[in-house]
Amino acid sequence: MALELKRLQNGSDIRGIALEGIENEHVNLGRPETEVLMKGFARWLSKKTGVDPWEMRISVGHDPRLSSEDLTAWAAEALVSEGLSVLNCGQASTPAMFMSTVFDNFKCDGAVMVTASHLPWNRNGFKFFSKDGGLNKTDIAEIITYAEELSSGDLPPVIQVRGAADRVDLMSTYEAYLRNMIIMGVDDPEDPEHPLRNLKIAVDAGNGGGGFFAKNILAPLGADISGSVFLEPDGSFPNHRPNPEDKEAMKAISRAVLDSGSDFGLIFDTDVDRSAAVDGQGREIARNGIVALAAALIAVDHPGTTVVTDSITSDELTEYLTECLGLKHLRFKRGYRNVINKAIELNEAGTDSQLAIETSGHAAYKENFWLDDGAYLAARIVIKAAQLKRSGASISDMISSLKEPLEATEVRLPVEGRDPGLYADQVLAGLKVWVNYKHESGLGISLVEPNYEGVRINFRLEGLKGWCLLRRSLHEPLMPLNIEVTEGKCETILEIMAAFLEDYPRIKMN
């Protein structure tokens, strides 16, 4: 049976079904797919670096998913068969895997992380890194092309001599790196080795891979982590999805903070490349809030820098970044690689940009290799919290000027039929024409420009102030519609959009 590798591409990642157990879902990411994808990555990396495979070293690690150990073993075997030296890092975080290309005692040419982030327990996938960072969508497509040629026999073996695989402890080095960052950042003259001794911090790892942050970073530095929950890895995720965007997850960390009387809380996704927080009153610092906090952490050191975000950030966030922090805000596209690449592009063109961040919790600082690292952001938050505690302040004080919309919602509209992306483009083109007509008619509806994804509309009607964004989904036959209002109701904007969409019968209103 031919492998359907192209269906496994999920933007800049590989995602698939690794285990049976959910009705109508069948494994499409098993040993055969893993082997050819790893060999494809080896060919791609050799071409990129100009280094022969038998001279390269690649690290492989995994999250706690039930299928991760098998996929990691198959990945290591495939890479070894191509002649590479492989470091099996065992359970690790995605950011730590990239850091294996940075740390002097590893110096890997590339890295593979076995993870499917926050997806259900039966899913899994791969994230790939070179020394330049995470791969882009075009890189993944090229790896798949190599893999397809290998599976069809069109490409010969690279080398007859096998490589070798060794088990290594990457996480201890990564944890020491973060502990030292906190020690240096807090700079506590009274007890420099325990700078967090006056903080009580609750961590919710959601039974994913983030428990190490509480146990091996916060606790050794003196923090009280007794309010933490779900730190033990369990790939069935029995308590809630490890996802800072999940409502039940955020409720869980809020409860943990309130029940334990912690100063604040931190929550991670499965592979720890995303994080969010809650303050001492259990109030969420997520979505626009985590963007605001991440920006506030660098505002003093980088005045006027441009913060690149995804497309669904609020007008209130823009106001906070520009008027309260004195920064610039570029609202770009969904997709963490999109915002990171745009920030890199700005710097190369001479515009200072120190932060690229999605409302999902992917936050990448220029100072940290443009790596979206949830633990790094959490460490920065912890440093600031320790500093503020000395003066009786807290992290929520930093973003107290951030206004919140009156209401906010997201409606996901299915696109039926063939070529849903093409049809969605037709809808968006028609929407621009419709909005311009409404604007010219003086009806208080106008396009937001510049806009880099979908169609964003401002509403300034009597009793209704807000905006909406209709866009194509990155990965599904859907058109997400995000709505926020500061006056009136989201339902009113939804009704206006429903009237427009009556001319597009393949878009199904829920």
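The values are calculated or read from the model by the stated rules, or taken from the named source; none is laboratory data. No experiment lies behind these values; they were computed from the predicted model shown. All Cβ positions, even for glycine, are placed from backbone atoms using ideal geometry, and neighbour counts span all protein chains on display.
Structural remarks
- Search result, residues across the stretch 287-309 that are among the charged types (D, E, K, R) and either closer than 18 Å to residue 351 by Cα or modelled with pLDDT under 95 (or both): 301
- Scanning the stretch 444-466 for residues that are surrounded by 19 or more Cβ atoms within 10 Å (Cβ to Cβ), out of contact with any Pro (no Cβ under 9 Å at 6 or more places or on another chain) and closer than 19 Å to residue 317 by Cβ gives 453, 456, 457, 459.
- Counting only residues that are over 13 Å from residue 72 (Cα atoms) and of a type in the set (Val, Ile, Thr), the stretch 19-34 holds 2 of them.
- When we screen 96, 116 for residues that are within 20 Å of the chain's Cα centre (by Cα), at pLDDT 95 or above and in a loop (DSSP other than H, G, I, E, B), the only hit is 116.
- Of all residues making up the stretch 101-112, the number that are in a strand (DSSP E or B) and either within 17 Å of residue 177 (Cβ to Cβ) or touching a Leu at 6+ places or on another chain (Cβ under 7 Å) (or both): 2
- Inclusion of residue 142 among residues that are surrounded by fewer than 19 Cβ atoms within 10 Å (Cβ to Cβ), touching a residue at least 12 places away in the same chain (Cβ under 8 Å), not assigned by TED's automatic domain parsing to the domain that holds residue 234 and not in a loop (DSSP other than H, G, I, E, B) is warranted.
- Count of the stretch 96-113 residues which are in contact (Cβ under 8 Å) with a residue 12 or more places away in the chain, surrounded by fewer than 24 Cβ atoms within 10 Å (Cβ to Cβ) and over 11 Å from residue 57 (Cα atoms): 3
- Between 459, 500, the distinction of being at pLDDT 95 or above, part of a strand (DSSP E or B) and aromatic (Phe, Trp, Tyr) belongs to 459 only.
- Flag if residue 246 is touching a residue at least 24 places away in the same chain (Cβ under 8 Å) and touching a His at 6+ places or on another chain (Cβ under 7 Å): yes
- Residue 390 over 28 Å from residue 506 (Cα atoms), surrounded by fewer than 16 Cβ atoms within 10 Å (Cβ to Cβ) and of a type in the set (Lys, Arg): yes
Yes/no per residue for (1) crowded, with 20+ Cβ neighbours inside 10 Å; (2) assigned by TED's automatic domain parsing to the domain that holds residue 117:
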| site | (1), (2) |
| --- | --- |
| 164 | no, yes |
| 183 | no, no |
| 207 | yes, no |
| 213 | yes, no |
| 219 | no, no |
| 224 | no, no |
| 228 | yes, no |
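Yes/no per residue for (1) loosely packed, with under 14 Cβ neighbours inside 10 Å; (2) in a loop (DSSP other than H, G, I, E, B):
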position	(1), (2)
386	no, no
417	yes, yes
422	yes, no
438	no, no
